[in-house]
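Heads up, the thing below is written out as structure tokens.
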Protein chains: 2
Amino acid sequence: MLTDFYEITMANGYFTNHFENTIGYYDMFFRKVPNDGGFAIMAGVQQVVEYIENLTFTEEDLAYLRSVKIFNEQFIEYLKNFKFVCDIWAVPEGMPIFPGEPILTVRGPVIQAQLVETMILLTVNHQSLIATKANRIVRAARGRAVMEFGSRRAQGADGAIYGARAAYIGGCCGTACTICDRDFGIPALGTMAHSWVQLFDSELDAFRAYAREYPSSCTLLVDTYNVLKSGVPNAIKVFNEILLPQGYRPAGIRIDSGDITYLSKKARKMLDEAGFPDCKICASNSLDEYIIRDMLMQGACVDSFGVGERLITAAPEPVFGGVYKLSGIEKADGTILPKIKISENVAKITNPGFKRLWRLYDRETGKAIADVLTLHDEVIDDSKPYEIFDPEYIWKRKVITNFRAVDIREKIFEHGRCVARYHDLNELKEYCAGQVGTLWDEVTRFENPHRYYVDLSQRLWDEKNRLLEEHAE
Amino acid sequence: MLTDFYEITMANGYFTNHFENTIGYYDMFFRKVPNDGGFAIMAGVQQVVEYIENLTFTEEDLAYLRSVKIFNEQFIEYLKNFKFVCDIWAVPEGMPIFPGEPILTVRGPVIQAQLVETMILLTVNHQSLIATKANRIVRAARGRAVMEFGSRRAQGADGAIYGARAAYIGGCCGTACTICDRDFGIPALGTMAHSWVQLFDSELDAFRAYAREYPSSCTLLVDTYNVLKSGVPNAIKVFNEILLPQGYRPAGIRIDSGDITYLSKKARKMLDEAGFPDCKICASNSLDEYIIRDMLMQGACVDSFGVGERLITAAPEPVFGGVYKLSGIEKADGTILPKIKISENVAKITNPGFKRLWRLYDRETGKAIADVLTLHDEVIDDSKPYEIFDPEYIWKRKVITNFRAVDIREKIFEHGRCVARYHDLNELKEYCAGQVGTLWDEVTRFENPHRYYVDLSQRLWDEKNRLLEEHAE
């Protein structure tokens with residue numbers, strides 16, 4: 001029942017208008033990469049699968065719908081016996097995705113395809129948003145560990161939990177959110193808050209107690225009172241006094257305020273001089289990809305980053321604008337009648353028909369050259385040269401050779417039955433890193449990235465233009 | 001178990017360090033109003049209550065904690081028999097709140113108060129963020145209806161559901177999210193998507209079918225192909241052809257793309273001329289408070305707004321930065337030892353001690369004059385003049401008279417027992433509107449609002465400065 005009310009009014013209307021057996025094709029796609037990035041990361045497919053596998057309407061739901069008094073009783077009966085029978089194709093999680101691509105397609109009775117719209121969008125929009133942001137932050141950290149620390153600033157509990165999952169796919173190495181360790185096996189990390197330090201009579205006492213409790217993983221928070229005058233000296237004292245005699249080395253210190261670039265350099269020097277060059281420095285405090293990039297450019301001595309609010313909410317662009325549009329209707333004879341949505345905003349015009357999404361990789365470099373949308377019955381034969389062209393500026397053409405063409409979507413539901421392969425989260429994380437590695441550096445730039453080619457096959461382009469001309473008449 | 005891992009490492013450490021009976025005071029406060037606004041709206045208290053009332057550790061949780069192998073078995077036993085015994089005070093939902101104020105205080109055993117930190121922050125941060133944003137948007141709409149349409153772009157399912165709840169408190173009149181109607185009684189609204197229009201052979205057929213299905217609440221989406229050439233004329237045709245003969249008037253049209261200011265004026269004229277001056281025009285499409293303000297300034301003929309992604313995620317500032325800090329420890333004799341957190345960032349310095357939060361209202365105008373934080377045993381006697389002063393620029397002083405002093409927080413838990421009054425959501429919405437009405441216009445401005453006074457009593461100010469000087473030595 002987490003569905004927009006209009007999905008239900010429409011489904012009910014389809015029912016009374018005898019569309020219950022009409023098969024539609026619905027594409028999910030997005031129009032813009034957040035933060036003007038060059039690509040996004042697909043995520044959330046596993047939760048779409050779980051949602052659909054558990055989709056039923058309870059007696060409580062049906063009672064509610066009856067109480068609204070605008071729905072047909074036969075329609076409510078239909079929901080009572082609801083059995084999902086659609087097919088779904090989706091880009092696998094962790095894969096880079098680009099504007100205009102059908103990253104997920106639902107084929108099935110329009111009533112059903114309409115009812116699942118809201119949750120499909122919500123799930124994929126949310127997790128793709130966070131995976132994309134996490135990947136940016138991880139790239140800014142240039143090999144240093146990035147931990148997701150945002151639960152307390154997440155937009156609701158699911159925002160925290162599934163946000164941490166998406167952040168892990170995008171490249172984070174762990175989370176502060178305990179339940180994500182219990183349920184997903186994402187390493188939960190965390191040491192102490194300022195409250196710990198404040199609770200004891202002194203910072204030194206607080207550090208001593210912590211070192212005694214967790215000698216093998218002792219990271220101390222050094223900014224409760226004064227980082228350089230009190231925090232770091234007290235940490236060093238405790239490392240010497242408690243850890244070394246027990247044969248332990250310190251894990252690290254964490255700095256959560258002040259000018260971390262400056263403080264980290266000073267702290268690094270103090271730790272090195274005290275004989276702890278292996279003691280890591282962790283930074284936190286409203287970080288994001290831009291601050292991390294600049295800190296490292298200025299030589300900050302930071303080994304790992306705890307990133308909270310700006311990762312878990314994807315500030316300052318907290319929206320992944322995926323939409324879900326009808327692209328075709330299947331006629332009784334199995335042929336597909338393509339459908340288009342036209343708009344005053346050209347960017348809102350859709351690509352009609354049932355499509356495939358191909359990625360062309362250069363066989364020599366392994367790099368992704370372009371994506372091509374074709375009609376569902378087209379195959380890109382990568383044993384021959386293939387001409388791609390810009391769908392807006394159609395005189396821009398390029399023949400590519402020595403490439404590998406991959407139909408990148410997987411079928412995850414077949415006639416309502418789940419056929420998705422289960423991917424382990426660590427596998428998705430590695431897959432993501434590998435696939436991002438196939439993109440040219442120019443596409444991964446933060447500022448003004450190169451626009452990756454997303455082209456249409458000649459047949460699809462012709463079809464789209466035919467429909468546009470039809471409607472223009 | 002949706003708690004930061006460090007809450008558990010700390011709680012375990014408190015346990016072994018014999019703090020299990022130490023009583024602490026923890027304040028939740030925030031430092032900055034999103035979007036540089038003049039005030040925020042408190043929300044989420046009801047969900048804090050529900051969370052705490054259901055707080056237990058399951059066998060699965062305990063098995064997980066054992067598996068981490070760093071926690072004491074006695075501590076795990078403690079969690080097994082966990083019984084919440086804290087007191088909690090909170091500002092009621094719907095109330096305007098300001099930076100630096102203890103909007104929620106937990107008093108109790110430090111182990112317990114620490115364990116609930118993450119969920120308290122997450123819940124109040126999220127809902128206050130959305131209620132604050134909704135209130136801005138509703139104020140921009142100057143009396144016109146604002147509907148929350150954001151589920152599909154929410155950050156997770158809870159983001160959609162509790163976001164819709166908070167938006168309603170902040171002043172929205174309904175939501176697109178069906179489950180919020182079923183569970184909270186928030187009116188669920190919604191008509192049709194572009195898919196509906198596309199599915200039929202023509203826009204006209206689609207409108208006819210909809211009007212036949214829902215003649216009493218017929219709102220038609222007019223921008224699938226061309227608003228002025230096709231959408232509005234077809235809508236008018238269907239109103240005349242199907243609604244009028246049945247004795248119904250049209251509910252409205254919705255425009256979801258293009259330049260809505262321009263289109264709405266043209267559409268208004270067409271509807272008026274066709275004899276439908278009562279047909280409402282609803283606008284949607286990435287709206288926020290700024291766009292709505294500008295549209296209305298330019299004379300857009302819009303009667304209601306459907307606001308989605310920028311409301312449900314509070315774009316472009318999707319973070320409410322509430323924090324939770326130790327402010328004092330209760331000694332065995334019941335006296336309170338105040339605690340402070342100092343920081344290189346002055347804004348991060350906390351207000352120590354167990355405090356009360358007073359709002360002073362002018363008896364003549366009913367307007368809020370200032371808030372004052374006092375120590376818990378101070379009472380502001382509003383039968384006498386009272387001097388307030390700026391805690392940073394202490395020579396700025398003002399004596400106020402003829403005012404009413406209200407201790408604005410409610411006790412919601414007493415020794416672990418819920419004593420919160422249940423507030424109906426409509427009551428909270430009205431309360432919010434009423435309380436926002438007590439603010440001077442200068443405070444409610446979007447740009448550069450007047451900073452509302454949040455002062456400290458002389459005793460609290462003295463206490464804070466004593467602690468700062470102590471630590472500076």
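Here are a few things to note about the model shown:
- Just so you know, in region B:310-344 the residues that are among the β-branched types (Val, Ile, Thr) and farther than 30 Å from residue B:130 by Cβ include one that is farthest from the other protein chains (Cβ to nearest Cβ), and it is B:335.
- Considering B:232, B:197, B:222, B:227, the condition of being crowded, with 24+ Cβ neighbours inside 10 Å, more than 10 Å from chain A (Cβ to nearest Cβ) and under 20 Å from residue A:467 (Cα atoms) is satisfied by B:222 alone.
- The combined condition, being in the same structural domain as residue A:455 (by TED's automatic domain parsing), in a strand (DSSP E or B) and over 30 Å from residue A:140 (Cβ atoms), is not fulfilled by residue A:49.
- Verdict on residue A:285 being surrounded by 17 or more Cβ atoms within 10 Å (Cβ to Cβ), at positive phi and out of contact with any strand residue (DSSP E or B) (no Cβ under 6 Å at 6 or more places or on another chain): yes
- Some residue of region B:207-219 being buried (at least 16 other Cβ atoms within 10 Å of the Cβ), more than 11 Å from every other protein chain (Cβ to nearest Cβ) and among the aliphatic types (A, V, I, L, M): no
- Between B:442, B:447, the distinction of being assigned to a helix (DSSP H, G or I), of a type in the set (D, E, K, R) and surrounded by fewer than 13 Cβ atoms within 10 Å (Cβ to Cβ) belongs to B:442 only.
- Residue check, residue A:372 aliphatic (A, V, I, L, M) and surrounded by 19 or more Cβ atoms within 10 Å (Cβ to Cβ): yes
- Of the residues contained in region B:263-284, none is found to be among the acidic types (Asp, Glu) and either under 30 Å from the mean Cα position of the chain (by Cα) or closer than 25 Å to residue A:340 by Cβ (or both).
- Selection count where residues are of a type in the set (A, V, I, L, M), in contact (Cβ under 8 Å) with a residue 12 or more places away in the chain and not in a loop (DSSP other than H, G, I, E, B), scope region B:192-205: 2
- Summed over region B:155-191, residues that are in a helix (DSSP H, G or I) and either within 8 Å of chain A (Cβ to nearest Cβ) or surrounded by fewer than 24 Cβ atoms within 10 Å (Cβ to Cβ) (or both) total 13.
- Residue in region B:61-84 that is surrounded by fewer than 21 Cβ atoms within 10 Å (Cβ to Cβ), within 31 Å of the chain's Cα centre (by Cα) and among the β-branched types (Val, Ile, Thr) present: no
- Boolean, residue B:32 is within 14 Å of another protein chain (Cβ to nearest Cβ) and in contact (Cβ under 8 Å) with a residue 24 or more places away in the chain: yes
- Qualifying residue in region A:87-107 (condition: within 14 Å of chain B (Cβ to nearest Cβ) and over 20 Å from residue A:326 (Cβ atoms)): no
- All of B:146, B:124, B:110, B:138 fail the test of being surrounded by 22 or more Cβ atoms within 10 Å (Cβ to Cβ), within 30 Å of residue A:216 (Cα to Cα) and touching a helix residue (DSSP H, G or I) at 6+ places or on another chain (Cβ under 8 Å), apart from B:110.
- Residue check, residue B:249 surrounded by fewer than 21 Cβ atoms within 10 Å (Cβ to Cβ), without any contact (Cβ under 8 Å) to a residue 40 or more places away in the chain, over 30 Å from the mean Cα position of the chain (by Cα) and closer than 27 Å to residue B:300 by Cα: yes
- Among the criteria (1) assigned by TED's automatic domain parsing to the domain that holds residue A:34; (2) more than 23 Å from residue A:351 (Cβ to Cβ), the one residue A:123 does not fulfil is (2).
- Evaluation of residue B:43 against (1) hydrophobic (A, V, I, L, M, F, W, C); (2) within 30 Å of residue B:454 (Cβ to Cβ); (3) in a helix (DSSP H, G or I) (one fails), failing number: (3)
- Where residue B:460 falls short, out of the listed (1) touching a Leu at 6+ places or on another chain (Cβ under 9 Å); (2) closer than 26 Å to residue B:35 by Cα; (3) hydrophobic (A, V, I, L, M, F, W, C): (2)
The values are calculated or read from the model by the stated rules, or taken from the named source; none is laboratory data. These figures come from a predicted structure and were not determined experimentally. With ideal geometry, Cβ positions are generated from the backbone for all residues, glycine too; neighbour counts draw on all protein chains shown.
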